[in-house]
1. Could you list, in sequence order, all residues of the stretch A:300-334 that are open to solvent by 50 Å² or more (accessible area, probe 1.4 Å) and either outside any loop (DSSP other than H, G, I, E, B) or closer than 21 Å to A:Gln356 by Cβ (or both)?
2. Among the residues of the stretch B:10-28, count how many are without any contact (Cβ under 8 Å) to a residue 40 or more places away in the chain, charged (D, E, K, R) and within 29 Å of B:Leu68 (Cα to Cα).
3. Please determine whether any residue of the stretch B:36-46 is at negative phi and surrounded by fewer than 10 Cβ atoms within 10 Å (Cβ to Cβ).
4. Answer with yes or no whether A:Leu67 is touching a Ser or Thr at 6+ places or on another chain (Cβ under 6 Å), at pLDDT 95 or above, farther than 19 Å from A:Ile118 by Cα and in the same structural domain as A:Cys103 (by TED's automatic domain parsing).
5. Limited to the stretch A:257-299, what total is found for residues that are without any contact (Cβ under 8 Å) to a residue 60 or more places away in the chain, assigned to a loop (DSSP other than H, G, I, E, B) and buried (at least 21 other Cβ atoms within 10 Å of the Cβ)?
6. Of all the residues that make up the stretch A:164-201, how many are open to solvent by 80 Å² or more (accessible area, probe 1.4 Å) and either part of a loop (DSSP other than H, G, I, E, B) or on the phi > 0 side of the Ramachandran plot (or both)?
7. Which residues, taken from the stretch A:42-67, are more than 10 Å from chain B (Cβ to nearest Cβ) and either in a strand (DSSP E or B) or charged (D, E, K, R) (or both)?
8. Scan the stretch A:218-228 and tell me whether some residue there is at the interface with chain B (Cβ under 10 Å from one of its Cβ atoms) and either hydroxyl-bearing (Ser, Thr, Tyr) or open to solvent by less than 40 Å² (accessible area, probe 1.4 Å) (or both).
Amino acid sequence: MKKELRLMKGNEAFAEGAIRAGVDGYFGYPITPQSEVMEYLTAEKPHERTGMVVLQAESEVASINMLYGGAGCGKKVMTSSSSPGISLMQEGISYMAGAELPCIVLNVVRGGPGLGTIQPAQSDYFQATKGGGHGDYRLITLAPSSVQEMYDFVKLGYDLAFKYRTPVMVLSDGAIGQMMEKVEIDEQIPRTQDEEIRSKYPWATMGKTPDRERNIITSLDLDPARHERHNLKLQAKYREIEKAEIRFETIQCEDADFLFVAYGTSSRICQKSIQLCREKGIKVGLFRPITLFPFPKNDLKQVARGCKGILSVEMSAGQMIEDIRLAIEGSVRSEHYGRMGGIIPSPIEVAEALEQKFIKS
Amino acid sequence: MEETITKSDIIKPENLVYKKTDLMTDNVLSYCPGCGHGTTHRIIMETIEEMGVQKDTIGIAPVGCSVLAYEFMNIDMQQAAHGRAPALATAIKRLLPYKTVFTYQGDGDLAAIGTAETIHAANRGENITIIFINNGIYGMTGGQMAPTTLEGMKSSTTPYGRDWEMMGHPLKITELLAQLPGTYFVSRQAVHTPANVRKTKKAIRNAFELQKLNRGMTFVEVVSNCNSGWKMTPVQANQWMVENMFPFYPLGDIKVDGELVKK
């Protein structure tokens, strides 16, 4: 069957992806640079297309707690926001991780700290991959580097969120959210019917029937031994995710002497930088983590074997570099190059940074 | 010949005068003796049983003394972050419009940290029921000042009494909510006497029935006591509540059929 092609913004592709993936509810609060998500959804009238609920909440705090309520009933729910708004959601995300609730949270990252800027950045890597809120938990973190992936990662995100009963973060940035590219649109996936939810997700609070005990969605357990067991169960789940759900892409790594490691917008820039370097005879490849948690550490170590240097390229002061160094365990020299404050580095400056740090020094 | 009455003569179905509803679990209540929570739990569960809606009811527990409400209510429940119960209820009701959805919240939860969620859920006219327990104090954390603490009232963070110049005025959030077009039924009751229990139960039944009309939020405040937090015996606490709480938080319906009740 011929696929439908559209020219869309990343934020719009994510919103269309939500409708097509059979999402039950979107709850959000406006913030630049991701407001197109809710604008697209309200204009598209998904309640007429699929019955999907779209609601503008009074705050990001309310949005994430709406997700908790909806997810607790086994519904496919999502929100989107940008850095300061995501900070406000951390309490709710922690509760959802604790109560083992599936959802998708899209972060179209802008520069910080504080109100920062509305321009793109990648400075929320730590927040997304190391927990973010209180307590011991991790989020599956997917990093799209194209408008197509903004679309595709909705479906992938729900597959993972429901498989592991855990929140999934799609960690995008202002550039991916705002830029327009060609997108391949899938067939509509129907929303899950309530009776199907009852059988597929027996934990969901769909109302107590005589044939089962009551369902309780909670992150609280005041009994230390039981609560430690719950924590151990969560940790076992994260280890399982680290084993089974690593995703990454390699570009021109086969003969590479040097590696760029970059995700999202930075990875796009690095592709051009590779070309510039190779024109000068410097063999560079790109290792692009698609899952930031779980971080593809063994794969990176393997790909980097025999390389002379790794350059982590991030629109931040250097956050992913810490995971790279943990992965490499000192086997290859690894450095960071980044811009902050909403500046997107140019391919030339990234190529020059590589030369500066590894060849000229 | 002398007749001996044995236990088995008394415990017979025909002699049954009171039975705990099956919608209350057998777990021992964590509330202090004399506290209004237990009674309020029971009448909510009786109402759900009488309406026959257990399989279509979802309740939301707050943070506070009733954080463990799900241990006692034999229905599907979710436990919300502090103050966020109306946000959970909003999503649940919108995604499952045929369900009966209620939140059970204390004064700190609803009228301090959750003010935004409460007011906006009410203002959107969410078709949910909020049961609001107002005892003028943070019970679980050990008796600190609540938004509803009366002027002059002592708490662990107002040891010399609440001084409005320093700590602001007690918040009549129920009256405030009644002003919003999104609320359809607003009532304030108490559970300290059998007559009041019956009135509260009627108000809760009313609130749940009206939810089906989809005309907006239904809201029942229960003015309650906190004998341990107030440092009184249960009897003294009820008496103090009647003398001090009721004049400031008068009982009765505040909004009926979407119209403010004229006093």
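1. Passing the criteria: A:Lys301, A:Gln302, A:Lys308, A:Ala317, A:Glu322, A:Arg325, A:Leu326, A:Arg333.
2. Qualifying residue count for the region: 3.
3. Scanning the stretch B:36-46 turns up no residue that is at negative phi and surrounded by fewer than 10 Cβ atoms within 10 Å (Cβ to Cβ).
4. Considered against the rule, which asks whether it is touching a Ser or Thr at 6+ places or on another chain (Cβ under 6 Å), at pLDDT 95 or above, farther than 19 Å from A:Ile118 by Cα and in the same structural domain as A:Cys103 (by TED's automatic domain parsing), A:Leu67 comes out as yes.
5. 2
6. 3
7. A:Glu44, A:Lys45, A:Glu48, A:Arg49, A:Glu60
8. We begin by selecting, within the stretch A:218-228, every residue at the interface with chain B (Cβ under 10 Å from one of its Cβ atoms); these are A:218-220, A:222.
Filter once more, so that each one left must be either hydroxyl-bearing (Ser, Thr, Tyr) or open to solvent by less than 40 Å² (accessible area, probe 1.4 Å) (or both): A:218-219.
Looking through the stretch A:218-228, at least one residue is at the interface with chain B (Cβ under 10 Å from one of its Cβ atoms) and either hydroxyl-bearing (Ser, Thr, Tyr) or open to solvent by less than 40 Å² (accessible area, probe 1.4 Å) (or both).
The values are calculated or read from the model by the stated rules, or taken from the named source; none is laboratory data. From a predicted model like this one, the values you see are computed outputs, not experimental measurements. FYI the Cβ positions are ideal-geometry reconstructions off the backbone, even for glycines, and counts take in every protein chain you see. Keep in mind that these areas ignore ligands, DNA and RNA; they rest on the heavy atoms of the full protein, side chains included. Shrake-Rupley method; radii C 1.70, N 1.55, O 1.52, S 1.80 Å.
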